[in-house]
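Trainee: Once you've had a glance at the structure underneath, I'll fire off some questions.
The values are calculated or read from the model by the stated rules, or taken from the named source; none is laboratory data. Note that this is a predicted model, so its numbers are computed, not measured. As a convention, Cβ positions derive from the backbone with ideal geometry for all residues, glycine included, and neighbour counts pool all protein chains shown. For accessibility, only protein heavy atoms count, side chains too; no ligands or nucleic acids. Shrake-Rupley method; radii C 1.70, N 1.55, O 1.52, S 1.80 Å.
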Amino acid sequence: MDPQQLQMLSEIQQLEFVAVELTLYLDTHPDEQEPLNEYNKATGQLNQLKVQYESLYGPLAVYGLSPSKYPWQWVEQPWPWDI
Amino acid sequence: MWIYERKLEYPICVTQPDVRMARYLMAQYGGPDSELSAGVRYLTQRYTMPTNKTKGLLNDIGTEELAHWEMIGTMIYKLLKGVPVEQLEQANLGSHFTEHDHAVYPADANGVPWTAAYVQATGDPVTDLHEDMAAEQKARTTYEHLIRLSVDPGIKDALRFLREREVVHFQRFGEALNEVQEELTRKKVF
Ligand SMILES: [Fe+2]
């Protein structure tokens with residue numbers, strides 16, 4: 001995997017981690033405004049970055065979440081355990 | 001429904017194979033306090049939780065555990081990759097090779113296969129949440145042992161991340177338990 005792709009993937013991992021952590025926090029603190037704002041901010045940035053990543057390197061998720069160029073890109077890229 | 005995302009929750013950098021460490025890591029892939037047990041436990045218990053909050057929490061932590069299970073599987077796969085059978089035998093993985101070759105299999109560090117008997121779902125939310133909190137502590141302790149046993153900085157780093165997640169999960173389960181107990185006493189009083 002080229003360094004630029006790895007760098008972008010790492011940014012996605014970091015942003016999504018923020019979203020995961022805030023999801024669990026909000027599950028037990030649903031009335032707190034500040035973490036909710038943080039969650040929405042991270043989600044917006046994450047989705048933007050994912051669209052950008054996917055247009056360059058193919059879908060991060062299938063089942064209808066992201067479109068694919070021809071030929072079916074899902075089976076072209078390496079799997080996470082092979083990176 | 002679950003959607004698979006083509007990435008690990010946290011990157012795993014392995015510099016070289018290490019059969020010994022691969023074997024120890026199986027504790028968290030298919031042992032009693034493994035990520036597999038955690039995932040199955042929470043995703044099974046969630047149905048009979050009494051509040052929407054606790055259902056959500058078990059759903060979401062259970063889902064994160066599956067991502068951790070993938071991280072451990074990735075570590076084991078990378079640490080065993082291309083290792084000749086003689087080296088597997090020297091690290092007590094000759095019997096693993098006999099049954100599984102270089103495959104990643106849900107058994108513990110001693111080769112005992114995973115079983116659903118490692119998890120409970122009693123239908124009593126107070127009991128189940130106590131089990132969950134204990135499970136997070138047991139996993140944290142196991143990670144501390146694994147961190148002491150590991151030499152590869154990439155493995156150590158990923159294990160520290162996973163240890164920290166157990167601490168956070170324990171905290172969230174504690175909050176859920178408080179909520180459930182308050183709910184139960186409120187119902188008894190009025
Ligand atoms: Fe956990």
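Trainee: Might you check whether a residue that is open to solvent by less than 80 Å² (accessible area, probe 1.4 Å), within 11 Å of chain B (Cβ to nearest Cβ) and among the aromatic types (Phe, Trp, Tyr) occurs anywhere in the stretch A:36-47?
Mentor: For the stretch A:36-47, residues open to solvent by less than 80 Å² (accessible area, probe 1.4 Å), within 11 Å of chain B (Cβ to nearest Cβ) and among the aromatic types (Phe, Trp, Tyr): absent.
Trainee: Kindly establish whether residue B:53 is open to solvent by 60 Å² or more (accessible area, probe 1.4 Å) and of a type outside the set (Ser, Thr, Tyr).
Mentor: It is true that residue B:53 is open to solvent by 60 Å² or more (accessible area, probe 1.4 Å) and of a type outside the set (Ser, Thr, Tyr).
Trainee: Looking only at the stretch A:32-44, decide whether some residue is over 20 Å from residue B:8 (Cα atoms) and assigned to a loop (DSSP other than H, G, I, E, B).
Mentor: Checked against the condition, which is being over 20 Å from residue B:8 (Cα atoms) and assigned to a loop (DSSP other than H, G, I, E, B), the stretch A:32-44 yields at least one hit.
Trainee: Just wondering, is there one or more residues in the stretch B:96-115 that are within 14 Å of chain A (Cβ to nearest Cβ) and more than 19 Å from residue B:17 (Cβ to Cβ)? Write out each step before concluding.
Mentor: Quick first cut of the stretch B:96-115, residues within 14 Å of chain A (Cβ to nearest Cβ) only: B:102-104.
Applying the additional criterion that residues be more than 19 Å from residue B:17 (Cβ to Cβ) yields none.
Within the stretch B:96-115, not a single residue is within 14 Å of chain A (Cβ to nearest Cβ) and more than 19 Å from residue B:17 (Cβ to Cβ).
Trainee: A follow-up question, please. Exactly one of (1) assigned to a helix (DSSP H, G or I); (2) more than 22 Å from residue B:165 (Cα to Cα); (3) away from chain B (no Cβ under 11 Å) is unmet by residue A:74. Its number?
Mentor: (3)
Trainee: Follow-up question, since we're still on this one. Going residue by residue through the stretch B:111-121, is there one that turns out to be open to solvent by less than 50 Å² (accessible area, probe 1.4 Å) and among the aromatic types (Phe, Trp, Tyr)?
Mentor: No - not one qualifying residue is present in the stretch B:111-121.
Trainee: To continue, here is another question. Considering the stretch B:16-39 alone, what residues qualify as being within 12 Å of the ligand (Cβ to nearest atom) and either within 14 Å of another protein chain (Cβ to nearest Cβ) or in a helix (DSSP H, G or I) (or both)?
Mentor: Across the stretch B:16-39, the qualifying residues are B:28, B:35, B:36, B:37, B:38, B:39.
Trainee: Same structure again: Being under 18 Å from residue A:9 (Cβ atoms) and open to solvent by less than 80 Å² (accessible area, probe 1.4 Å) is the filter here, so list the residues in the stretch A:48-67 that pass it.
Mentor: Correct list: A:49, A:50, A:53, A:54, A:55, A:57, A:58, A:59, A:60, A:61, A:62, A:66.
Trainee: If you don't mind, there's one more thing I want to ask. Working carefully through the options A:60, A:9, find the one that is touching a residue at least 24 places away in the same chain (Cβ under 8 Å), under 30 Å from residue B:171 (Cβ atoms), outside any helix (DSSP H, G or I) and within 10 Å of chain B (Cβ to nearest Cβ).
Mentor: Unique residue meeting the criteria: A:60.
Trainee: Quick one: is residue A:66 more than 23 Å from residue B:171 (Cα to Cα) and more than 9 Å from chain B (Cβ to nearest Cβ)?
Mentor: yes
Trainee: Please state which of the following conditions residue B:4 fails to meet, knowing it meets all the rest: (1) more than 9 Å from chain A (Cβ to nearest Cβ); (2) in a loop (DSSP other than H, G, I, E, B); (3) away from the ligand (no atom under 14 Å from the Cβ).
Mentor: It fails just one condition, (1).
Trainee: What tally of residues in the stretch B:40-71 results from selecting those that are within 14 Å of chain A (Cβ to nearest Cβ) and either closer than 22 Å to residue B:110 by Cβ or near the ligand (Cβ under 10 Å from one of its atoms) (or both)?
Mentor: Adding up the residues that qualify gives 8.
Trainee: Further, regarding this structure: Going by what's in this entry, would residue B:128 be described as in a helix (DSSP H, G or I), open to solvent by 50 Å² or more (accessible area, probe 1.4 Å) and away from the ligand (no atom under 12 Å from the Cβ)?
Mentor: no
Trainee: Okay, moving on. Which residues, counting only those in the stretch B:103-125, are more than 20 Å from residue B:50 (Cα to Cα) and in a helix (DSSP H, G or I)?
Mentor: First, pick out the residues of the stretch B:103-125 that are more than 20 Å from residue B:50 (Cα to Cα): B:103-118.
Within the stretch B:103-125, B:116, B:117, B:118 meet the criteria.
Trainee: Out of B:63, B:98, report the one residue that is closer than 25 Å to residue B:141 by Cβ, open to solvent by 10 Å² or more (accessible area, probe 1.4 Å), part of a helix (DSSP H, G or I) and among the β-branched types (Val, Ile, Thr).
Mentor: One residue alone meets the criteria, B:63.
Trainee: Another question, if that's okay. Does the stretch B:136-153 include one or more residues that are within 14 Å of chain A (Cβ to nearest Cβ), outside any loop (DSSP other than H, G, I, E, B) and either modelled with pLDDT of 95 or more or within 13 Å of the ligand (Cβ to nearest atom) (or both)?
Mentor: There is at least one residue in the stretch B:136-153 that is within 14 Å of chain A (Cβ to nearest Cβ), outside any loop (DSSP other than H, G, I, E, B) and either modelled with pLDDT of 95 or more or within 13 Å of the ligand (Cβ to nearest atom) (or both).
Trainee: Restricting to the stretch B:167-190, give me the number of residues that are open to solvent by 100 Å² or more (accessible area, probe 1.4 Å) and among the acidic types (Asp, Glu).
Mentor: Number of matching residues: 1.
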